[in-house]
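In what follows, a single structure is set out as structure tokens and then discussed.
The values are calculated or read from the model by the stated rules, or taken from the named source; none is laboratory data. Just so you know, these numbers come straight off a predicted model, no measurement behind them. Here the Cβ positions follow ideal geometry from the backbone for every residue, glycine too, while neighbour counts run over all protein chains shown.
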Amino acid sequence: MAKVCHTTQNHSHGQRSLSSLQFDAPLPYGAILQEGGSNRADGVQFVVFSRHATAMRLLLYDTPEDGEPVEVISFDPTHDRWGDVWSIFVPGLKHGQLYHFQADGPFDPSAGHRFDPTARLVDPYAKALAGHFLHHDDRIIRPPKSVVVDDRFDWQGDRHLRHELADTIIYELHIRGFTASPSSGVAHPGTYLGVIEKIPYLKSLGVTAVELMPIHEFPRESFDGNRRDHENYWGYDPIAFFAPHQGYATSNQPGGQVTELKEMVRALHAADIEVILDVVFNHTAEGSGDGPTFSMKGLENSVYYMLDNESGDYHNFSGCGNTVNANHPVVRELICHCLRHWVHSYHIDGFRFDLASILSRDRNGIIIENPPLIESITEDQTLADTKLIAEAWDAAGAYQVGTFATSRWAEWNGRYRDDVRRYWRGDENQTGNLATRLAGSSDLYAGEDRQPYHSVNFITSHDGFTLNDLVCYDQKHNDANAEHNQDGDNNNYSYNYGIEGPTEDAHVDSIRVKQIRNMLSTLFLSQGVPMLLAGDECRRTQQGNNNAYCQDNAISWFDWNLPRINAELVEFTKALIHQRLNNPTLRRRTFLQGGCSEQGVIPDVEWFSPDGSHVDWFSGEPSLICFFGAPTMDQPIAKNDRVADDLAGTPQHVLLFCNAGPETRRFLFPSSPVILQMNWSIAVDTRQSHDQIPPPIPLKFDSTRPITLPERSLLCLTAPTTGTFGK
């Protein structure tokens, strides 16, 4: 271990000598606390990458409000640089120390270099930030300060829950929006601790995982050259991938958000609820060439971002001004380190990768097979127990749903969303599409060892209408975003049933409630992994806004009066989740094999027309009967799946009647002796204008009589079987 001598400038006390300054191995990166041993003092190792910097400085601060550093330490290029890694050890520093980097180097945008010797730079590996952006003349002159963090925490024996993906029910929520409303009644609204207070509600729903919209550090304001008035509410504009958002903490102490997030994860795990993070590795808040320089742009712009080889301009596959150069080896290493950090330090159970198709692009932006980053994540040993979910498209036209990666990855199934919406809206020739989605989307995922649970099924998400608004609005109403209603998707497959927006017309509202129940039922009765948007179980509305990215107000917040006002719908949703968790037939590990029950064999799946005959897929009929046969003991268990005793519930046969038409439809029971002889009971029923909750004692169903389904309604029956287990 070498020792070198530095002279530093202390803005308060003049010069001091660091005669025993030392450097260790240059990995890992960031600010690493070191405890002194027999031959060294306590302190912090600072490690940062820059290939073309000609000088590097460490700026130290005492408080988040400090306008100027109290000390500036210059790296010695001779002794403190290992290849392209700058590394020094500063004794005496502790947890909570605040710092920036500052780098000299060429400013030549055409060559990809944007060094600014005056810029204060956030450490790309910072584990927490403190303070806010400081502006002058609409320009950023100082970003938040990086914080030295002690990662030690009393986990009280907590470990990853390792729920099987096939048994997972995801609930997508926004940390702040979930409890920010005064109606939440929590002691710590809009925070990690506020979520803890609502765990009993999550547990009562029956969800097994929460998928959190971005919690890595992001600016509250958005930047595009100059300061903008829009708030960055959603958080899809990262500035520090490793750092939890300080705005979701109750503590004002630098690094307090680290402890509070860990407390939240620990509490959710104690309730048997996993935590999945929505991560954004496709762009950063530094924006385009007109955007600010506050981190990677000022350290090694040409490595961290995709640039045009001729002009040096930013490729914009993200739609946000820049694109992270994810398949560069340096950036790939950063992303993998980041994922390991969340798994190891925060016990995170999985990740949803925003605009994941960008991660499949090479340094020139071309989609490639077997992208190095995807392969690295897939094969990473630390991530082996985590869930990997891709949003398999990007803002530049790439659409990889069904083809994104290997069996380690699940995907948000955008086709499922669109097909279910169109079927229940009553669009023509959608019955076959509905059947494909109910059965697990084999058209997308069959082959290459992928299974139904690689499809994350959703009808709504943060991006678009809520489920309530999907049945209340024909058009988006994004005027509050101050973009002249030009933002947001125009293809929503929504319908207002005669009146745009809220109504006191009881008939129209009854249709809307029924359609909400139809789509919720479809979601939880489909093969695959269901994802429910927070508030859809109680008719949360965004007032027709389908792009509420900047609405940190009642438009986006969860109104906690709604679970009481719409208590029947909440109970209906709970019953659906209970049905799914207690019937492994709905959580198949392998794709369904069709067959014919008239031959005396119970198939995995069989389809019928309303007259009871086998379905004619070309008839254009908006009605359908679906039979899911319960898995039997002689059917194989998929590799690495849990055995029967670990699965909740006893498999039951499922018979689903769907009528998306605007008129009442008469159904006959399937013309199959095997199905007719089963002992059927009502499990889910949306035929009435109010919520039908399955009673504690199953209602026996007479299969010899015709079934009448009013317009836009669904009926699900179940029948017991013996000697079966989850396949």
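Output the residue which, of all residues in the stretch 36-76 that are among the charged types (D, E, K, R) and touching a strand residue (DSSP E or B) at 6+ places or on another chain (Cβ under 9 Å), is modelled with the lowest pLDDT. Let's see the steps before the verdict.
The first filter runs over the stretch 36-76 and keeps only residues among the charged types (D, E, K, R), leaving 40, 42, 51, 57, 62, 65-66, 68, 71, 76.
Within this subset, residues satisfying the condition of being touching a strand residue (DSSP E or B) at 6+ places or on another chain (Cβ under 9 Å) are 40, 42, 57, 62, 66, 68, 71, 76.
Details: ARG40: 67, ASP42: 90, ARG57: 98, ASP62: 97, ASP66: 95, GLU68: 96, GLU71: 97, ASP76: 95.
The qualifying residue modelled with the lowest pLDDT is ARG40.
Search the stretch 574-602 for residues that are without any contact (Cβ under 8 Å) to a residue 60 or more places away in the chain and pair each with any residue that is in a strand (DSSP E or B) and buried (at least 20 other Cβ atoms within 10 Å of the Cβ) when their beta-carbon atoms are under 6 Å apart and the residues are at least 6 apart or on different chains.
GLY594/VAL605
Please specify each residue of the stretch 471-490 satisfying the condition of being touching a residue at least 12 places away in the same chain (Cβ under 8 Å) and either among the aromatic types (Phe, Trp, Tyr) or under 25 Å from HIS230 (Cα atoms) (or both).
Going through the stretch 471-490, the residues touching a residue at least 12 places away in the same chain (Cβ under 8 Å) turn out to be 471-478, 480-482, 487-490.
Selection gives TYR473, GLN475, LYS476, HIS477, ASN478, ALA480, ASN481, ALA482, ASP487, GLY488, ASP489, ASN490.
I need the full set of residues from the stretch 442-497 which are under 19 Å from ALA410 (Cα atoms), part of a loop (DSSP other than H, G, I, E, B), among the hydroxyl-bearing types (Ser, Thr, Tyr) and touching a helix residue (DSSP H, G or I) at 6+ places or on another chain (Cβ under 6 Å), in order please.
THR460
For residues that are outside any loop (DSSP other than H, G, I, E, B) and β-branched (Val, Ile, Thr), scanning just the stretch 148-178, find the one that is nearest to the chain's Cα centre (by Cα).
Step one: filter the stretch 148-178 for residues outside any loop (DSSP other than H, G, I, E, B), giving 165-167, 170-173, 175-178.
Remaining after also requiring β-branched (Val, Ile, Thr): 170, 175.
Working: ILE170: 10, ILE175: 12 Å.
Checking each candidate, the answer is ILE170.
Would you check if ASN413 is under 27 Å from LEU520 (Cβ atoms) and surrounded by 17 or more Cβ atoms within 10 Å (Cβ to Cβ)? Lay out the reasoning, then the answer.
Numbers: under 27 Å from LEU520 (Cβ atoms): yes; surrounded by 17 or more Cβ atoms within 10 Å (Cβ to Cβ): yes.
So ASN413 passes the test.
Within the stretch 469-484, can you find the residues that are of a type in the set (A, V, I, L, M, F, W, C) and closer than 18 Å to HIS507 by Cα?
Let us first name the residues in the stretch 469-484 that are of a type in the set (A, V, I, L, M, F, W, C), namely 470-472, 480, 482.
Listed by number, the residues that qualify are LEU470, VAL471, CYS472.
Got at least one residue in the stretch 372-382 being modelled with pLDDT of 95 or more, closer than 20 Å to ASP237 by Cα and within 21 Å of the chain's Cα centre (by Cα)?
No, the stretch 372-382 has no match at all.
With the stretch 321-427 as the region, which helices (runs of 4 or more DSSP H) entirely inside it contain at least 2 residues that are among the β-branched types (Val, Ile, Thr) and in contact with a strand residue (DSSP E or B) (Cβ under 8 Å, 6 or more places away or on another chain)?
Values: elements: 329-346, 372-379, 414-425.
Once the helices (runs of 4 or more DSSP H) in the stretch 321-427 are filtered for at least 2 residues that are among the β-branched types (Val, Ile, Thr) and in contact with a strand residue (DSSP E or B) (Cβ under 8 Å, 6 or more places away or on another chain), what remains is 329-346, 372-379.
Can you go through ILE366, ILE348 and tell me which one is in contact (Cβ under 8 Å) with a residue 40 or more places away in the chain and of a type in the set (Val, Ile, Thr)? First the steps, then the outcome.
Values: ILE366 fails: in contact (Cβ under 8 Å) with a residue 40 or more places away in the chain.
Answer to the check: ILE348.
Might you let me know whether the stretch 531-554 holds any residue that is part of a helix (DSSP H, G or I) and β-branched (Val, Ile, Thr)?
Of all residues in the stretch 531-554, those part of a helix (DSSP H, G or I) come to 536-538.
When the remaining residues are screened for being β-branched (Val, Ile, Thr), the result is none.
The answer is no; no qualifying residue exists.
Only one residue in ARG152, ARG142 is touching a Lys or Arg at 6+ places or on another chain (Cβ under 6 Å) and surrounded by fewer than 23 Cβ atoms within 10 Å (Cβ to Cβ), so which one is that? Break it down into steps so the answer makes sense when it comes.
Working: ARG152 fails: touching a Lys or Arg at 6+ places or on another chain (Cβ under 6 Å).
None of the others qualify; the one that does is ARG142.
Determine which member of the set ALA285, ALA243, ALA267 is within 21 Å of ASN325 (Cβ to Cβ) and not in a loop (DSSP other than H, G, I, E, B). Talk me through it step by step, then tell me what you get.
Details: ALA285 fails: not in a loop (DSSP other than H, G, I, E, B); ALA267 fails: within 21 Å of ASN325 (Cβ to Cβ).
Of ALA285, ALA243, ALA267, the one residue that is within 21 Å of ASN325 (Cβ to Cβ) and not in a loop (DSSP other than H, G, I, E, B) is ALA243.
Can you pull out the residues in the stretch 110-138 that are without any contact (Cβ under 8 Å) to a residue 24 or more places away in the chain and of a type in the set (S, T, N, Q)?
Within the stretch 110-138, just THR118 meets the criteria.
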